[in-house]
Amino acid sequence: MFVSLQMKGYAEKSSWIRKMFEEGVRLKQEFGTNNVFDFSLGNPDVPPREEVLAVIERLAREMNHGYMHNAGYPQVRHCIAEFVRREYGVNVSGDDIIMTCGAGGAMNVVLRSILNPGDEVITLAPYFVEYGFYVENFGGRLVVVKCSEDFMPDITNIRKAITEKTKAIIINSPNNPSGRVYPQSVLDGFKGLLDGFPGILLISDEPYRRIVFDNIKLPSVLATVPNSVVVTSASKDLSLPGQRIGYIAVNPGIPERKELIDTFIMANRILGFVNAPAIMQMVMAECIDMNIHVENYQKRRDLITGVMDDAGLTYARPEGAFYLFVKSPIEDDVEFCRALAGEKILAVPGTGFGWPGYVRFAYCTSESAITGMAPGLLNVVDRLRG
Ligand code: PLP
(Lines give C-alpha, C1' and ligand atoms only; values in the text may rest on other atoms or scores of the structure.)
Protein backbone atom coordinates (compact mmCIF):
# COMPACT_ATOMS: atom_id res chain seq x y z
CA MET A 1 0.00 0.00 0.00
CA PHE A 2 2.82 2.39 0.87
CA VAL A 3 5.12 1.42 -1.98
CA SER A 4 4.97 3.61 -5.09
CA LEU A 5 4.02 2.04 -8.41
CA GLN A 6 7.43 2.87 -9.86
CA MET A 7 9.32 1.21 -7.00
CA LYS A 8 6.97 -1.77 -7.09
CA GLY A 9 7.77 -2.16 -10.77
CA TYR A 10 11.51 -1.95 -10.07
CA ALA A 11 11.27 -4.58 -7.33
CA GLU A 12 9.38 -6.94 -9.63
CA LYS A 13 11.86 -6.51 -12.47
CA SER A 14 14.86 -6.62 -10.07
CA SER A 15 18.21 -6.60 -11.85
CA TRP A 16 19.86 -9.75 -13.18
CA ILE A 17 22.92 -9.00 -11.05
CA ARG A 18 20.68 -9.05 -7.98
CA LYS A 19 18.95 -12.25 -9.09
CA MET A 20 22.26 -14.03 -9.58
CA PHE A 21 23.46 -12.69 -6.23
CA GLU A 22 20.39 -14.16 -4.52
CA GLU A 23 20.87 -17.45 -6.35
CA GLY A 24 24.47 -17.41 -5.08
CA VAL A 25 23.33 -16.96 -1.46
CA ARG A 26 21.01 -19.95 -1.87
CA LEU A 27 23.67 -22.17 -3.49
CA LYS A 28 26.29 -21.21 -0.89
CA GLN A 29 23.90 -22.10 1.94
CA GLU A 30 23.21 -25.46 0.34
CA PHE A 31 26.71 -26.45 -0.85
CA GLY A 32 29.13 -24.27 1.16
CA THR A 33 30.87 -21.08 -0.01
CA ASN A 34 33.95 -22.84 -1.37
CA ASN A 35 31.89 -25.06 -3.64
CA VAL A 36 30.22 -22.20 -5.51
CA PHE A 37 32.06 -20.33 -8.29
CA ASP A 38 30.67 -16.85 -7.97
CA PHE A 39 31.38 -14.44 -10.84
CA SER A 40 28.21 -12.40 -10.37
CA LEU A 41 29.34 -9.26 -8.52
CA GLY A 42 31.87 -6.53 -9.27
CA ASN A 43 33.01 -6.49 -5.65
CA PRO A 44 36.84 -6.31 -5.69
CA ASP A 45 38.42 -9.14 -3.69
CA VAL A 46 41.93 -7.63 -3.89
CA PRO A 47 42.38 -5.91 -0.49
CA PRO A 48 43.34 -2.22 -0.18
CA ARG A 49 47.06 -1.63 0.21
CA GLU A 50 48.51 -1.78 3.75
CA GLU A 51 49.53 1.89 3.50
CA VAL A 52 45.87 2.81 2.87
CA LEU A 53 44.69 0.86 5.90
CA ALA A 54 47.34 2.57 8.04
CA VAL A 55 46.11 6.02 6.90
CA ILE A 56 42.49 5.10 7.75
CA GLU A 57 43.55 3.98 11.24
CA ARG A 58 45.58 7.13 11.91
CA LEU A 59 42.95 9.54 10.58
CA ALA A 60 40.17 7.93 12.60
CA ARG A 61 41.90 9.23 15.76
CA GLU A 62 43.43 12.46 14.48
CA MET A 63 40.78 14.15 12.41
CA ASN A 64 37.75 16.25 13.22
CA HIS A 65 34.57 14.28 12.43
CA GLY A 66 32.20 17.24 12.07
CA TYR A 67 30.21 18.50 9.10
CA MET A 68 32.09 20.25 6.34
CA HIS A 69 31.37 22.29 3.19
CA ASN A 70 28.98 20.38 0.90
CA ALA A 71 31.58 20.20 -1.87
CA GLY A 72 34.09 18.55 0.50
CA TYR A 73 37.17 19.72 2.43
CA PRO A 74 39.02 22.47 0.50
CA GLN A 75 42.43 20.81 1.06
CA VAL A 76 41.07 17.48 -0.24
CA ARG A 77 39.61 19.12 -3.36
CA HIS A 78 42.95 20.82 -3.88
CA CYS A 79 44.83 17.47 -3.72
CA ILE A 80 42.37 15.76 -6.07
CA ALA A 81 42.67 18.68 -8.52
CA GLU A 82 46.43 18.20 -8.52
CA PHE A 83 45.91 14.52 -9.41
CA VAL A 84 43.35 15.39 -12.14
CA ARG A 85 45.77 17.90 -13.70
CA ARG A 86 48.42 15.16 -13.92
CA GLU A 87 46.08 12.37 -15.03
CA TYR A 88 43.97 14.30 -17.56
CA GLY A 89 46.25 17.11 -18.62
CA VAL A 90 43.72 19.89 -17.94
CA ASN A 91 44.08 22.94 -15.79
CA VAL A 92 41.51 22.32 -13.03
CA SER A 93 41.61 23.85 -9.56
CA GLY A 94 40.11 22.62 -6.29
CA ASP A 95 36.96 24.59 -7.15
CA ASP A 96 36.33 22.23 -10.08
CA ILE A 97 36.22 19.12 -7.85
CA ILE A 98 33.19 18.00 -5.83
CA MET A 99 33.67 15.10 -3.41
CA THR A 100 30.82 12.55 -3.58
CA CYS A 101 29.51 9.23 -2.25
CA GLY A 102 31.19 7.11 -4.90
CA ALA A 103 30.73 7.32 -8.66
CA GLY A 104 27.08 6.36 -8.16
CA GLY A 105 26.52 9.38 -5.92
CA ALA A 106 28.45 11.56 -8.37
CA MET A 107 26.28 10.43 -11.29
CA ASN A 108 23.10 11.19 -9.33
CA VAL A 109 24.42 14.65 -8.43
CA VAL A 110 25.13 15.42 -12.09
CA LEU A 111 21.78 14.10 -13.33
CA ARG A 112 19.87 15.88 -10.53
CA SER A 113 21.54 19.10 -11.60
CA ILE A 114 20.90 18.96 -15.33
CA LEU A 115 17.64 17.07 -15.97
CA ASN A 116 14.20 18.52 -16.41
CA PRO A 117 11.36 15.96 -16.46
CA GLY A 118 11.16 14.32 -19.90
CA ASP A 119 14.79 15.03 -20.80
CA GLU A 120 16.72 12.24 -22.47
CA VAL A 121 20.09 10.76 -21.62
CA ILE A 122 21.84 8.53 -24.14
CA THR A 123 24.00 5.62 -23.09
CA LEU A 124 25.66 2.84 -25.02
CA ALA A 125 24.80 -0.85 -24.72
CA PRO A 126 26.14 -2.94 -23.18
CA TYR A 127 25.82 -0.68 -20.13
CA PHE A 128 25.81 -0.59 -16.32
CA VAL A 129 22.16 -1.21 -15.53
CA GLU A 130 21.95 1.35 -12.69
CA TYR A 131 22.11 4.20 -15.26
CA GLY A 132 18.43 3.62 -16.08
CA PHE A 133 17.38 3.97 -12.44
CA TYR A 134 19.60 7.02 -11.92
CA VAL A 135 18.13 8.83 -14.93
CA GLU A 136 14.55 7.96 -13.90
CA ASN A 137 15.26 9.25 -10.36
CA PHE A 138 14.92 12.73 -11.86
CA GLY A 139 12.15 12.14 -14.40
CA GLY A 140 14.54 11.58 -17.29
CA ARG A 141 14.46 8.85 -19.93
CA LEU A 142 17.42 6.62 -20.76
CA VAL A 143 17.89 6.13 -24.50
CA VAL A 144 20.08 3.13 -25.27
CA VAL A 145 22.19 3.03 -28.44
CA LYS A 146 23.96 -0.21 -29.28
CA CYS A 147 27.73 -0.25 -29.69
CA SER A 148 29.14 -1.91 -32.79
CA GLU A 149 30.00 -5.63 -32.63
CA ASP A 150 33.47 -4.85 -31.24
CA PHE A 151 31.80 -2.98 -28.34
CA MET A 152 33.00 0.41 -29.52
CA PRO A 153 30.66 3.45 -29.72
CA ASP A 154 29.02 3.96 -33.09
CA ILE A 155 29.02 7.74 -33.52
CA THR A 156 26.66 7.64 -36.52
CA ASN A 157 24.01 5.75 -34.54
CA ILE A 158 24.48 8.02 -31.52
CA ARG A 159 23.93 11.02 -33.79
CA LYS A 160 20.65 9.49 -35.01
CA ALA A 161 19.43 9.07 -31.41
CA ILE A 162 19.91 12.75 -30.50
CA THR A 163 16.69 14.78 -30.22
CA GLU A 164 15.93 18.27 -28.90
CA LYS A 165 15.38 16.60 -25.50
CA THR A 166 18.86 15.06 -25.28
CA LYS A 167 20.68 16.53 -22.30
CA ALA A 168 23.62 14.19 -21.80
CA ILE A 169 25.51 11.17 -23.05
CA ILE A 170 26.96 8.70 -20.53
CA ILE A 171 30.06 6.76 -21.53
CA ASN A 172 32.06 4.26 -19.48
CA SER A 173 35.61 3.23 -20.30
CA PRO A 174 37.14 0.84 -19.24
CA ASN A 175 33.72 -0.65 -19.72
CA ASN A 176 31.51 -2.70 -17.47
CA PRO A 177 30.65 -5.31 -18.80
CA SER A 178 32.78 -5.52 -21.97
CA GLY A 179 36.21 -4.64 -20.50
CA ARG A 180 36.90 -2.54 -23.61
CA VAL A 181 38.85 0.72 -23.43
CA TYR A 182 37.98 3.59 -25.79
CA PRO A 183 41.01 4.90 -27.68
CA GLN A 184 41.69 8.56 -28.48
CA SER A 185 40.04 8.18 -31.91
CA VAL A 186 36.70 7.34 -30.23
CA LEU A 187 36.95 10.40 -27.96
CA ASP A 188 37.76 12.48 -31.04
CA GLY A 189 34.53 11.11 -32.53
CA PHE A 190 32.59 12.41 -29.52
CA LYS A 191 34.32 15.77 -29.80
CA GLY A 192 33.34 16.04 -33.48
CA LEU A 193 29.76 15.09 -32.65
CA LEU A 194 29.31 17.31 -29.60
CA ASP A 195 30.88 20.38 -31.20
CA GLY A 196 27.60 20.49 -33.09
CA PHE A 197 25.47 20.11 -29.91
CA PRO A 198 26.68 22.59 -27.28
CA GLY A 199 23.66 21.77 -25.05
CA ILE A 200 24.73 18.14 -24.50
CA LEU A 201 27.01 17.21 -21.61
CA LEU A 202 29.31 14.19 -21.91
CA ILE A 203 29.40 12.31 -18.58
CA SER A 204 32.37 9.98 -18.44
CA ASP A 205 31.96 7.29 -15.77
CA GLU A 206 35.51 6.17 -14.98
CA PRO A 207 35.76 4.10 -11.79
CA TYR A 208 37.97 1.58 -13.65
CA ARG A 209 40.31 4.16 -15.17
CA ARG A 210 43.38 2.85 -13.35
CA ILE A 211 42.58 -0.82 -13.89
CA VAL A 212 44.01 -1.29 -17.38
CA PHE A 213 46.25 -4.03 -18.77
CA ASP A 214 49.20 -4.47 -21.12
CA ASN A 215 50.41 -0.89 -20.38
CA ILE A 216 47.47 0.69 -22.21
CA LYS A 217 47.41 4.45 -21.74
CA LEU A 218 43.92 5.86 -21.39
CA PRO A 219 43.16 9.05 -23.32
CA SER A 220 41.69 12.05 -21.51
CA VAL A 221 38.01 12.90 -21.99
CA LEU A 222 38.55 16.20 -20.20
CA ALA A 223 41.34 17.21 -22.58
CA THR A 224 39.33 16.17 -25.66
CA VAL A 225 35.69 17.18 -25.15
CA PRO A 226 35.14 20.65 -23.59
CA ASN A 227 31.57 20.02 -22.41
CA SER A 228 32.43 17.02 -20.25
CA VAL A 229 32.59 15.92 -16.63
CA VAL A 230 34.25 12.86 -15.12
CA VAL A 231 32.52 10.91 -12.35
CA THR A 232 34.68 8.41 -10.54
CA SER A 233 35.55 6.78 -7.22
CA ALA A 234 38.01 4.87 -5.08
CA SER A 235 35.73 1.81 -5.13
CA LYS A 236 37.72 -0.22 -7.62
CA ASP A 237 41.25 1.17 -7.88
CA LEU A 238 41.77 1.63 -4.12
CA SER A 239 39.47 -1.34 -3.43
CA LEU A 240 37.19 0.62 -1.08
CA PRO A 241 33.69 0.11 -2.55
CA GLY A 242 31.89 -0.01 0.79
CA GLN A 243 33.45 3.26 1.96
CA ARG A 244 31.55 5.32 -0.64
CA ILE A 245 34.04 7.89 -1.78
CA GLY A 246 34.40 9.47 -5.19
CA TYR A 247 34.34 12.82 -6.95
CA ILE A 248 33.18 14.85 -9.93
CA ALA A 249 35.81 16.66 -12.00
CA VAL A 250 34.30 19.50 -14.02
CA ASN A 251 35.90 20.48 -17.31
CA PRO A 252 37.27 24.04 -17.19
CA GLY A 253 36.15 24.31 -20.83
CA ILE A 254 32.43 24.40 -19.90
CA PRO A 255 31.24 27.99 -20.46
CA GLU A 256 28.68 27.95 -17.61
CA ARG A 257 31.02 26.03 -15.32
CA LYS A 258 30.57 28.22 -12.23
CA GLU A 259 26.77 27.87 -12.26
CA LEU A 260 27.06 24.12 -12.91
CA ILE A 261 29.47 23.61 -10.00
CA ASP A 262 27.24 25.58 -7.62
CA THR A 263 24.33 23.39 -8.71
CA PHE A 264 26.35 20.19 -8.16
CA ILE A 265 27.18 21.38 -4.63
CA MET A 266 23.50 22.07 -3.96
CA ALA A 267 22.53 18.61 -5.28
CA ASN A 268 25.23 17.00 -3.11
CA ARG A 269 23.53 18.66 -0.14
CA ILE A 270 19.89 17.85 -0.87
CA LEU A 271 19.99 14.31 -2.25
CA GLY A 272 19.96 12.94 1.28
CA PHE A 273 23.46 11.57 1.65
CA VAL A 274 24.68 15.12 2.46
CA ASN A 275 28.28 15.24 1.24
CA ALA A 276 30.94 12.57 1.02
CA PRO A 277 32.15 10.68 4.14
CA ALA A 278 34.64 12.87 6.03
CA ILE A 279 37.33 10.33 6.79
CA MET A 280 37.30 8.84 3.32
CA GLN A 281 37.78 12.27 1.74
CA MET A 282 40.99 12.64 3.73
CA VAL A 283 42.02 9.07 2.89
CA MET A 284 41.46 9.65 -0.82
CA ALA A 285 43.54 12.83 -0.74
CA GLU A 286 46.46 11.10 1.00
CA CYS A 287 46.22 7.81 -0.88
CA ILE A 288 45.30 8.87 -4.41
CA ASP A 289 48.51 7.31 -5.79
CA MET A 290 48.23 4.07 -3.79
CA ASN A 291 46.08 2.16 -6.25
CA ILE A 292 45.94 -1.62 -5.99
CA HIS A 293 48.39 -3.77 -7.94
CA VAL A 294 46.70 -4.19 -11.30
CA GLU A 295 48.89 -7.22 -12.10
CA ASN A 296 46.55 -9.28 -9.86
CA TYR A 297 43.63 -8.60 -12.18
CA GLN A 298 45.70 -8.97 -15.33
CA LYS A 299 46.80 -12.43 -14.16
CA ARG A 300 43.16 -13.38 -13.58
CA ARG A 301 42.20 -11.95 -16.97
CA ASP A 302 44.76 -14.25 -18.58
CA LEU A 303 43.60 -17.21 -16.49
CA ILE A 304 39.88 -16.78 -17.25
CA THR A 305 40.39 -16.13 -20.96
CA GLY A 306 42.44 -19.38 -21.04
CA VAL A 307 39.52 -21.25 -19.44
CA MET A 308 37.14 -19.81 -22.07
CA ASP A 309 39.56 -20.68 -24.90
CA ASP A 310 39.68 -24.28 -23.67
CA ALA A 311 35.87 -24.38 -23.66
CA GLY A 312 35.82 -23.00 -27.23
CA LEU A 313 33.97 -19.84 -26.21
CA THR A 314 34.58 -16.42 -27.75
CA TYR A 315 34.65 -13.09 -25.91
CA ALA A 316 35.66 -9.45 -26.04
CA ARG A 317 39.30 -9.43 -24.89
CA PRO A 318 39.34 -7.25 -21.76
CA GLU A 319 41.73 -4.29 -21.85
CA GLY A 320 40.65 -3.02 -18.43
CA ALA A 321 38.21 -3.35 -15.48
CA PHE A 322 37.63 -6.91 -14.23
CA TYR A 323 34.84 -8.27 -16.39
CA LEU A 324 34.81 -10.79 -19.20
CA PHE A 325 31.92 -10.62 -21.65
CA VAL A 326 31.50 -14.04 -23.23
CA LYS A 327 29.35 -15.02 -26.20
CA SER A 328 26.76 -17.55 -25.09
CA PRO A 329 27.04 -20.91 -26.90
CA ILE A 330 23.24 -20.77 -27.36
CA GLU A 331 21.16 -17.76 -28.35
CA ASP A 332 19.40 -17.55 -24.98
CA ASP A 333 21.92 -16.08 -22.51
CA VAL A 334 19.48 -16.46 -19.59
CA GLU A 335 19.20 -20.18 -20.30
CA PHE A 336 23.01 -20.42 -20.47
CA CYS A 337 23.25 -18.76 -17.03
CA ARG A 338 20.66 -21.18 -15.64
CA ALA A 339 22.70 -24.12 -16.95
CA LEU A 340 25.87 -22.63 -15.42
CA ALA A 341 24.10 -22.20 -12.07
CA GLY A 342 23.33 -25.94 -12.27
CA GLU A 343 27.12 -26.43 -12.10
CA LYS A 344 27.29 -23.86 -9.26
CA ILE A 345 28.82 -21.24 -11.58
CA LEU A 346 27.28 -17.79 -11.25
CA ALA A 347 27.47 -15.27 -14.08
CA VAL A 348 25.11 -12.51 -15.22
CA PRO A 349 23.13 -12.65 -18.51
CA GLY A 350 24.03 -9.96 -21.04
CA THR A 351 20.27 -9.25 -21.24
CA GLY A 352 20.77 -7.39 -17.94
CA PHE A 353 23.23 -5.05 -19.70
CA GLY A 354 21.07 -4.48 -22.77
CA TRP A 355 23.13 -7.01 -24.79
CA PRO A 356 21.43 -10.41 -25.08
CA GLY A 357 23.44 -13.37 -26.33
CA TYR A 358 26.40 -12.67 -24.02
CA VAL A 359 27.18 -13.40 -20.38
CA ARG A 360 29.32 -11.39 -17.93
CA PHE A 361 31.87 -13.02 -15.65
CA ALA A 362 33.27 -10.69 -12.92
CA TYR A 363 36.75 -12.09 -12.31
CA CYS A 364 37.47 -10.09 -9.16
CA THR A 365 37.45 -13.53 -7.52
CA SER A 366 40.10 -16.01 -6.38
CA GLU A 367 42.26 -17.78 -8.94
CA SER A 368 41.01 -21.09 -7.55
CA ALA A 369 37.43 -20.09 -8.42
CA ILE A 370 38.53 -19.39 -12.00
CA THR A 371 40.34 -22.71 -12.49
CA GLY A 372 37.76 -24.54 -10.36
CA MET A 373 34.87 -23.66 -12.66
CA ALA A 374 36.58 -25.13 -15.76
CA PRO A 375 35.17 -28.71 -15.57
CA GLY A 376 31.60 -27.47 -14.89
CA LEU A 377 31.83 -24.93 -17.71
CA LEU A 378 33.00 -27.61 -20.15
CA ASN A 379 30.10 -29.86 -19.12
CA VAL A 380 27.57 -27.11 -19.76
CA VAL A 381 29.04 -26.08 -23.11
CA ASP A 382 29.28 -29.69 -24.34
CA ARG A 383 25.71 -30.38 -23.26
CA LEU A 384 24.28 -27.21 -24.82
CA ARG A 385 26.13 -27.71 -28.07
CA GLY A 386 24.80 -31.26 -28.16
N1 PLP B 1 29.82 2.81 -12.80
C2 PLP B 1 30.13 1.56 -13.16
C3 PLP B 1 30.35 1.27 -14.60
C4 PLP B 1 30.24 0.54 -12.21
O5 PLP B 1 30.54 -0.70 -12.61
C6 PLP B 1 30.00 0.85 -10.85
C7 PLP B 1 30.05 -0.19 -9.82
O8 PLP B 1 30.14 -1.38 -10.06
C9 PLP B 1 29.70 2.18 -10.52
C10 PLP B 1 29.60 3.13 -11.51
C11 PLP B 1 29.41 2.60 -9.10
O12 PLP B 1 30.58 2.66 -8.39
P13 PLP B 1 30.70 3.39 -6.98
O14 PLP B 1 30.96 2.31 -5.98
O15 PLP B 1 31.83 4.29 -7.12
O16 PLP B 1 29.42 4.10 -6.72
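The values are calculated or read from the model by the stated rules, or taken from the named source; none is laboratory data. Only a predicted model underlies this, so the values are computations on that prediction, with no experimental measurement involved. Here the Cβ positions follow ideal geometry from the backbone for every residue, glycine too, while neighbour counts run over all protein chains shown. Quick note on the areas: whole protein, heavy atoms, side chains included, nothing else; ligands and nucleic acids left out. Shrake-Rupley method; radii C 1.70, N 1.55, O 1.52, S 1.80 Å.
Numbers below:
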read-out	value
Alpha-carbon centroid distance for the pair segment 321-386 / segment 65-125, whole angstrom	35
Ranked packing of 280-289, 361-370, most packed first, by mean Cβ within 10 Å	280-289, 361-370
Furthest towards positive pole of dipole, M282, P241, F2, structure part the chain, Cβ charges	F2
Exposure ranking of V90, V25 by accessible area [1.4 Å probe, largest first]	V25, V90
Local net charge near I254, Cβ-Cβ under 13 Å (Lys/Arg +1, Asp/Glu -1)	-3
Nearby aspartates and glutamates by direct alpha-carbon distance to K19 (threshold 13 angstrom, same-chain neighbours under 8 apart not counted)	D38
Rh by Kirkwood over Cα pairs, then Stokes-Einstein D for segment 131-276 at 1.306 mPa s and 10 °C, µm²/s	97
Whole-Hz couplings from phi, Karplus 6.51/-1.76/1.60, listed for segment 121-138; x for Gly and Pro	10, 8, 9, 10, 7, x, 9, 5, 5, 4, 3, x, 5, 4, 5, 5, 3, 10
Cα gyration tensor shape for segment 1-156, rounded if a/c is under 1.5, else prolate or oblate	oblate
Percentage of interatomic Cα-Cα distances in segment 273-386 larger than 20 Å	47
Segment R26-E259, extension gain: residue separation times 0.36 nm, minus the distance between their alpha carbons	79.0 nm
Heavy-atom surface of the chain, accessible at 1.4 Å and reported per residue (Å²)	43
Over the chain: Kirkwood hydrodynamic radius from C-alpha pairwise inverse distances, Å	21.6
Unsatisfied cross-links (Cα-Cα over 24 Å) in the set K165/K191; K160/K217; K146/K191; K167/K191; K236/K344; K146/K327	K160/K217; K236/K344
Stretchable slack from D188 to F2, in nm (0.36 nm times residue separation minus alpha-carbon distance)	62.1 nm
Structure-based [θ]222 nm, the chain - -39500 (n - 2.57) summed over DSSP H runs of at least 4, per residue, nearest 500	-13000 deg cm²/dmol
Cα centroid separation, segment 1-64 to segment 181-260 (Å)	25
Neighbourhood charge, 13 Å Cβ-Cβ cut-off, centred on A106 and excluding it, Lys, Arg +1 and Asp, Glu -1	-1
Share of carbon and sulfur in the accessible heavy-atom surface of the chain [1.4 Å probe, %]	52
Listed residues Y134, Y88 arranged by accessible area, highest first, probe 1.4 Å	Y134, Y88
Listed residues R61, R300, R244 arranged by accessible area, highest first, probe 1.4 Å	R61, R244, R300
Added length on full extension, which subtracts the Cα-Cα distance from 0.36 nm per residue, R141 to T156	3.3 nm
HN-Hα J in Hz across segment 89-105 - Karplus 6.51, -1.76, 1.60, θ = phi - 60°, x for Gly and Pro	x, 10, 8, 8, 10, x, 5, 8, 10, 10, 7, 9, 7, x, 6, x, x
